[in-house]
1. All but one of (1) open to solvent by 10 Å² or more (accessible area, probe 1.4 Å); (2) in contact with a Gly (Cβ under 8 Å, 6 or more places away or on another chain); (3) at pLDDT 95 or above hold for residue 129, so report the exception by its number.
2. From the set of residues in segment 123-149 that are in contact with a His (Cβ under 8 Å, 6 or more places away or on another chain) and part of a loop (DSSP other than H, G, I, E, B), which is farthest from residue 10 (Cα to Cα)?
3. Tell me the residue from 93, 13 that is within 27 Å of residue 172 (Cβ to Cβ), open to solvent by 50 Å² or more (accessible area, probe 1.4 Å), outside any helix (DSSP H, G or I) and at pLDDT 95 or above, please.
4. Taking into account only those residues within segment 38-81 that are over 14 Å from the mean Cα position of the chain (by Cα) and aromatic (Phe, Trp, Tyr), which is nearest to residue 93 (Cα to Cα)?
5. State whether the residues of segment 19-37 include one that is more than 14 Å from the chain's Cα centre (by Cα), surrounded by 14 or more Cβ atoms within 10 Å (Cβ to Cβ) and either within 15 Å of residue 132 (Cα to Cα) or of a type in the set (D, E, K, R) (or both).
6. Within segment 84-105, which residues are without any contact (Cβ under 8 Å) to a residue 24 or more places away in the chain and among the acidic types (Asp, Glu)?
7. Restrict the check to segment 59-73 and report whether at least one residue is surrounded by fewer than 14 Cβ atoms within 10 Å (Cβ to Cβ) and assigned to a helix (DSSP H, G or I).
Amino acid sequence: MELEELLKHFNSKATLGTDREYIELMRFYSRQAQKITMEINTKYHEPDELAALFSELIGKEVGEGFGLFPPFYTDFGKNITIGKNVFINADCKFQDQGGICIDDGALIGHGVVLATLNHDMCPEKRQQLHPAPIYIGKNVWIGANSVVTGGVKIGDNAVVAAGAVVTKDVKDNTVVGGVPAKFIKNIED
């Protein structure tokens, strides 16, 4: 089995955990991600070096103007897409098996968690994983220590207040905050 087949499985939102081959391949790429994130996190790199390392991590080029302040953590790495002029601040954690797409101009604050996997609620099936993608629109600002869960779309120009837990879609040009995150206001020009 190849990476493309594993990504197709994840992106179809198919349950993971019933087929050992998928689990083993996911763990193989997880170990690769650990190696690359250790390189990112354990010594200083110029911005172009960080962009190259992050591109290696995700298996495709990051958009121009990419910025990252390490440390950065991911447990897979191969299902992340980064647009132009995206900035990821220190101590972010991306669980990307379900897919993470960060569109142009997005700002990701300190300590943000993007989690695209859920365990099954049934105790007998608890080891099974259910992937769902996260989409972060253009010019989104996600405040420090926020959590975004799988299946969420954050619309263009939206702001997620610091410390929010986002479990539902966020409309374009709005501010959300709280636990769970709720609408606070519209963004006025």
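1. (3)
2. Taking segment 123-149 first, the residues in contact with a His (Cβ under 8 Å, 6 or more places away or on another chain) are 126-130, 144-145.
This time we only want the ones that are part of a loop (DSSP other than H, G, I, E, B), so: 126-128, 144-145.
Working: 126: 18, 127: 16, 128: 13, 144: 28, 145: 26 Å.
Once the filter is applied, the top-ranked residue is 144.
3. Details: 13 fails: at pLDDT 95 or above.
After ruling out the rest, the residue left standing is 93.
4. 69
5. no
6. Scanning segment 84-105 gives 91, 96.
7. no
The values are calculated or read from the model by the stated rules, or taken from the named source; none is laboratory data. As the structure is a computational prediction, the values presented were derived from the model and not from experiment. A quick note on method: Cβ atoms are made from the backbone with ideal geometry, for glycine too, and the neighbour counts reach across all protein chains shown. Surface areas here come from the heavy atoms of the whole protein model, side chains and all, with no ligands, DNA or RNA. Shrake-Rupley method; radii C 1.70, N 1.55, O 1.52, S 1.80 Å.
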